[in-house]
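The values are calculated or read from the model by the stated rules, or taken from the named source; none is laboratory data. The structure presented is a predicted model; accordingly, all values stated were derived computationally and were not measured. Glycine gets a Cβ as well: all are built from the backbone with ideal geometry, and neighbour counts include every protein chain shown. Side chains included, ligands, DNA and RNA excluded: accessible areas come from the protein's heavy atoms. Shrake-Rupley method; radii C 1.70, N 1.55, O 1.52, S 1.80 Å.
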Amino acid sequence: MKAACTVPRGEGGRKAILLPDYMGRHYGLDKLVEYGTEPLPETTRVVNPAWRSKDQEVRRERATLVRLHAQFGALGLPAHAEPQTVAAYEQAKGRLLERLQQQEQKLAQLKAERKAAPRHLALKDLPEAERFKQLRTTKKHFVDTIKLIAYRAETALVALAREKLSRSEDARSLIRQIFESAVDLCPNPAAKILTVRVHRLSSPIHDEVLEHLCAELTATETTYPGTDLCLIFEPIRSNQIPREQES
């Protein structure tokens, strides 16, 4: 329905719907999103890249130390080992212990270097090549606002449709069908009304819901944006030919 305009009456609906995915599939608004980047304000506090790099090194060397500890603990000697086996065991144990001590020293040094680097910096304190940018947000915010308004309006209509449907889960698909159906716009500036005549749907049950929706929408006394014309919604009767189409 290309000229419908209403005020939401409530949320309605029990089935959770992911709004961005839903609006992208049924309204195609994502095609309007602008892609690109723009600078962040210079006072924005960000994670220091030097600190992040050092933190990654600490995590990596700590994991290596944990593995060495596991190997050291798993290294055992049989109860009745031969002298040669005992000598080889002691040498392997000594080499592993030396690696453990070196790894602990390396990890301690990295922790000290990480502590010396500030964790956060103002964006202006970073070198130009390392400054972050953000995706452009102006058009995205505008499109997100349209999504919310359109979804709330649709949800309000769904709540009205459920009043006449035995299967309430069919309400949202029916509303989308109505949105896609043809309408005749019949302005009457003298009477200050704009009649929206909606074509009949695929079944008598759906036509009954359509009549209910038209009555409720007309009762809101909504003025078409930018005009002083009050919107009147009515379904086209099966034997009704609009006067504007008469020969």
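Here are a few things to note about the model shown:
- Residue within the range 27-39 that is part of a helix (DSSP H, G or I), charged (D, E, K, R) and either modelled with pLDDT under 90 or in contact with a His (Cβ under 7 Å, 6 or more places away or on another chain) (or both) present: yes
- Condition met for residue 100 (open to solvent by less than 40 Å² (accessible area, probe 1.4 Å) and more than 30 Å from residue 140 (Cβ to Cβ)): yes
- Members of the range 175-218 that are of a type in the set (Val, Ile, Thr) and under 33 Å from the mean Cα position of the chain (by Cα): 175, 178, 183, 209
- Taking residues in the range 158-178 that are on the phi < 0 side of the Ramachandran plot and open to solvent by 60 Å² or more (accessible area, probe 1.4 Å), and partners anywhere that are part of a helix (DSSP H, G or I) and among the aliphatic types (A, V, I, L, M), the pairs with Cβ atoms closer than 7 Å and at least 6 places apart or on different chains are 162/171; 164/209.
- The sole residue among 172, 95 that is under 26 Å from the mean Cα position of the chain (by Cα) and either part of a helix (DSSP H, G or I) or modelled with pLDDT of 90 or more (or both) is 172.
- Look at (1) over 30 Å from residue 49 (Cβ atoms); (2) out of contact with any strand residue (DSSP E or B) (no Cβ under 9 Å at 6 or more places or on another chain); (3) surrounded by 12 or more Cβ atoms within 10 Å (Cβ to Cβ) and you find that residue 213 fails only one, number (2).
- The range 40-61, residues that are among the aliphatic types (A, V, I, L, M) and modelled with pLDDT of 80 or more: 46, 47, 50, 58
- Lone qualifier among 85, 145 - being surrounded by fewer than 12 Cβ atoms within 10 Å (Cβ to Cβ) and among the hydroxyl-bearing types (Ser, Thr, Tyr): 145
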